[in-house]
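For reference, the structure discussed in these notes is given below.
The values are calculated or read from the model by the stated rules, or taken from the named source; none is laboratory data. From a predicted model like this one, the values you see are computed outputs, not experimental measurements. Glycine gets a Cβ as well: all are built from the backbone with ideal geometry, and neighbour counts include every protein chain shown. Accessible surface areas use protein heavy atoms only, side chains included; no ligands, DNA or RNA. Shrake-Rupley method; radii C 1.70, N 1.55, O 1.52, S 1.80 Å.
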Number of protein chains: 2
Amino acid sequence: MLSNASKYAVNAINHLVLNSSEENKLLVKDIAEDLDIPKPFLSKILQQLAAVNYISSAKGPGGGFYVTAGQLDRSILDIIVEIEGKDQFKQCALNFDDCNESNPCAIHHLIATMKDGLRKAYKDIRLKDLKIRN
Amino acid sequence: MLSNASKYAVNAINHLVLNSSEENKLLVKDIAEDLDIPKPFLSKILQQLAAVNYISSAKGPGGGFYVTAGQLDRSILDIIVEIEGKDQFKQCALNFDDCNESNPCAIHHLIATMKDGLRKAYKDIRLKDLKIRN
DNA sequence: TAAAAAAAGGATAATAATGTCTTTTTTATG
DNA sequence: CATAAAAAAGACATTATTATCCTTTTTTTA
């Protein structure tokens, strides 16, 4: 379904949303240990997310990663797409070019509703929603 | 979403359901050309499906692959699970062990309905349904 | 029964994803 | 301003997926 990288990304962001702030930055080392993710791999992922400003980072002593209030409107889908480099939920399940209602693949009509629904579910989750116990 | 291998498998099976029978077997070569799938890779996939009797095959002149009436009750999910070696739709989106209603991951409640629904959609498609224009 | 057709099987190669390690840059602080 | 802490960056290793090629086995049929 999702790649390891994007699962790690979502887990790490969830952790940052719940436990970090500008005054309380988290070290890659600690996040990696808490979530049981290979540290250097997580480091790459967090760097990538910080580069597009989905999360914030600070170098040097007292530095680390954190999420600001202004970053809480990002969706989980945004994160997945950024890390995977593509929107897998938009692609045809059978890899047809231009698969759609009027030019459907063999199973389009049978799965489109649910596939689109799952995409919407990921899109509707904003980082701020992770603060609420669902 | 799905691996290339399982996409190829579903496309090839669809092709077999629509165009083959015990009296009209199809060659890997022809299926590969018609569907634009690398022939040796498709060959492996069809072998695997034939080994578990999801499709039929015959060696020698006049041989090839085909689907019989008795094989039309198989679901698309069966094919995906066989080829991928796991049921990705059953796994937690964030890789939590034993993620469920009472022990949910951070986004379980927000995506479970759609994720389970997509799995059911794949499970509800039987090969015989591919004969009908949906 | 020999030849050819076709799948089955095995070995190998290329690519992408995942994971590890080391060096560099930035920055706070004693 | 020297030191140390931390992310950033880059090089490398491993594994899984995808793809290719070659050989073997089975089977039909001339």
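In the full protein context, region A:64-134 carries 50 Å² of accessible surface per residue, based on a 1.4 Å probe and ignoring ligands, DNA and RNA. Here the spin labels are modelled as points 7 Å beyond Cα on the Cα-Cβ line, and at B:Ala50 and B:Asp129 they lie 2.8 nm apart.
Given the options B:Val81, B:Val52, B:Val28, which has the most mean-square fluctuation in a GNM of chain B, springs set between C-alpha atoms less than 10 angstrom apart? Ranking B:Val81, B:Val52, B:Val28 by mean-square fluctuation puts B:Val52 first.
Heavy atoms only, probe 1.4 angstrom, no DNA, RNA or ligands counted: give me B:Phe41, A:Phe89 ranked by accessible area, highest first.
B:Phe41, A:Phe89
Among the protein heavy atoms, those of A:Cys99 account for about 30 Å² of accessible surface (1.4 Å probe, every chain in place). Taking the Cα centre of region A:56-134 as origin and assigning +1 to Lys and Arg Cβ atoms and -1 to Asp and Glu Cβ atoms, the resulting dipole is close to 500 debye.
Summing Cβ point charges (Lys, Arg +1; Asp, Glu -1) relative to the Cα centre of the protein assembly as shown gives a dipole of roughly 40 debye. With a 1.4 angstrom probe, the accessible area lost at the A-B interface totals about 2800 Å². Which of rounded, prolate, oblate describes region A:21-79, given a ≥ b ≥ c as roots of the alpha-carbon gyration tensor eigenvalues and a/c under 1.5 marking rounded, otherwise prolate only if a/b is larger than b/c? Here region A:21-79 falls in the oblate category. Rolling a 1.4 Å probe over the protein heavy atoms leaves B:Asp98 with an accessible area of roughly 120 Å².
Here A:Pro40 yields copy-to-copy label distances, from shortest upward, of 3.3 nm, the label point defined as 7 Å from Cα along Cα to C-beta. When all alpha carbon pairs of region B:94-134 are counted in 10 Å bins from zero, the resulting P(r) reads 25, 37, 20, 17, 1 %. Shape of chain A from the C-alpha gyration tensor: prolate (a/c of 1.5 or more and a/b above b/c, with a ≥ b ≥ c the square roots of its eigenvalues).
Estimated purely from DSSP H runs of n ≥ 4, each contributing -39500 (n - 2.57), the mean residue ellipticity at 222 nm for chain A is -15000 deg cm²/dmol once divided by its residues. Averaged across orientations, what area in nm² does the convex hull of the alpha carbons in the protein assembly as shown project? In nm², the orientation-averaged hull projection of the protein assembly as shown is 16.2.
Rolled with a 1.4 Å probe across the full set of protein chains, the surface gives B:Tyr66 an accessible area near 20 Å².
Applying 0.36 nm per residue to the separation of A:Lys90 and A:Leu27 and subtracting their alpha-carbon distance, the gain on full extension is 19.2 nm. For region B:1-16, a reduction of at least 20 Å² in accessible area between the chain on its own and the assembled protein chains (probe 1.4 Å) is found at B:Met1, B:Lys7, B:Val10, B:Asn11, B:Asn14. Counting alpha carbon pairs within less than 8 Å and at least 6 residues apart, what relative contact order, in whole percent, applies to chain A? Once normalised by length, the contact order is 29 percent. Within the shell defined by Cβ-Cβ distances under 13 Å, the residues around A:Leu27 carry a net charge of +1, with Lys and Arg each +1 and Asp and Glu each -1. A Förster radius of 35 Å combined with the Cβ-Cβ distance from B:Thr113 to A:Ser43 puts the calculated FRET efficiency at roughly 0.50. Annotation for B:Ala58, label-to-label distances across the other copies: 7.5 nm (shortest first, one decimal, point 7 Å from Cα along Cα→Cβ).
Here the accessible area of the protein assembly as shown is 47 percent carbon and sulfur, with a 1.4 angstrom probe and all protein chains present.
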